Amino acid sequence: METRRDVFQAIADPTRREIIDLLARQPMNLNAIAEHFDITRPAISNHIRILNECGIVSVDQIGRERFCKIEPRQLRQVSEWVGRYESLWMQKVDSFEKYLHELKSKRKKHGRK
Amino acid sequence: MAGNELAKRTLTLKKTFDAPIELVWEAWTQPEHIGRWWGPNGMPIKIVEHNFKVGGKWKYVMTMPNGSDFISHGVYSEIVKFEKIITSANFIPMTEGVEIRALFEKNGKKTNFTFSVVHPTEEYCRQQEKMGFYNGWGSAFERLNGYLKTQH
């Protein structure tokens, strides 16, 4: 079965996030990207392929070089999504709310107010 | 200039809880409840001190899976029942010298809740805001956001 790739799959992997981070600063060719990592060039190439399939990175073959560049439009979707979860405090307040609901239903069961 | 203006160094969250104010207040202020929600993802915490009165200290310790302690503590500076709690707070080692303001307002059977974190400076506020990003994606997404802003 063919699985559809989406932008969230692209960022699910820490190496891919680092690649995105690198490319967000400047377009790079594959070798230059690979130099930043301890893993093999084919492994990097595979990550780039996934990023490309997710629509986050475009790859241009220029002579023997493959130039990789960020496609910002897709990524904006991610940053908007992450933005909603950005705050540590929000996590705390959410955690409080969750507990509050538990407490409320527990009290109801026990017939207390 | 207006760099130190209160609004610019404050992060604010607003919510309406689907619970009466009495219950919200209880859950927010009683140690047996605090222990259940204070830690992220239900991580247990130890309530070392919880002196819920103006001038009273609180200190909660969460032991991380790697054995190191994450300590949060502060001193209450204002408490008005069913209305507000203001406390200083330090979350060592991440956030220090902030003031937390929790405001409660009865809204029928619900409760309006406003949670503000006031930072000592605007700069610190921005830095903290960015640090709050999810699971260490922070720095990457921070740069990414900067990048995306230049694209339009």
**Asked** Filter segment B:108-152 for residues that are more than 21 Å from B:ILE86 (Cβ to Cβ) and at pLDDT 80 or above; which is farthest from the other protein chains (Cβ to nearest Cβ)?
**Response** B:GLU123
**Near pairs, Cβ below 8 angstrom, 6+ apart or cross-chain, from segment B:22-36 (at the interface with chain A (Cβ under 10 Å from one of its Cβ atoms)) to any residue that is in a helix (DSSP H, G or I) and aromatic (Phe, Trp, Tyr)** = B:ALA27/A:PHE96; B:ALA27/A:TYR99; B:ALA27/B:TRP37; B:TRP28/A:PHE96; B:HIS33/A:TYR99; B:ILE34/B:TRP28; B:ARG36/A:TYR99
**Complete:** Among helices (runs of 4 or more DSSP H) entirely inside segment A:1-44, those with 3 or more residues being modelled with pLDDT of 90 or more are A:30-34
**Message:** Looking at A:PHE96 and the list (1) in contact with a Phe, Trp or Tyr (Cβ under 6 Å, 6 or more places away or on another chain); (2) at pLDDT below 75; (3) hydrophobic (A, V, I, L, M, F, W, C), which single condition is not satisfied?
**Reply:** (2)
**Fill in**
Expected single match for over 28 Å from B:ILE21 (Cβ atoms), more than 14 Å from chain B (Cβ to nearest Cβ) and at pLDDT below 90 among A:ILE48, A:ILE62 is A:ILE62
**Message:** I want to confirm something. Restricting to segment A:1-44 and keeping residues that are away from every other protein chain (no Cβ under 14 Å) and closer than 18 Å to A:GLN77 by Cα, which single residue is farthest from the chain's Cα centre (by Cα)?
**Reply:** A:ARG4
**Item:** When residues of segment B:45-66 are limited to those that are within 13 Å of another protein chain (Cβ to nearest Cβ) and modelled with pLDDT under 90, the one surrounded by the fewest Cβ atoms within 10 Å (Cβ to Cβ)
**Value:** B:MET62
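The values are calculated or read from the model by the stated rules, or taken from the named source; none is laboratory data. Note that the coordinates shown come from a computational prediction; the quantities given were computed from them, not determined experimentally. For neighbour counting, all protein chains shown are included, and Cβ atoms are generated from backbone atoms with ideal geometry for every residue, glycine included.
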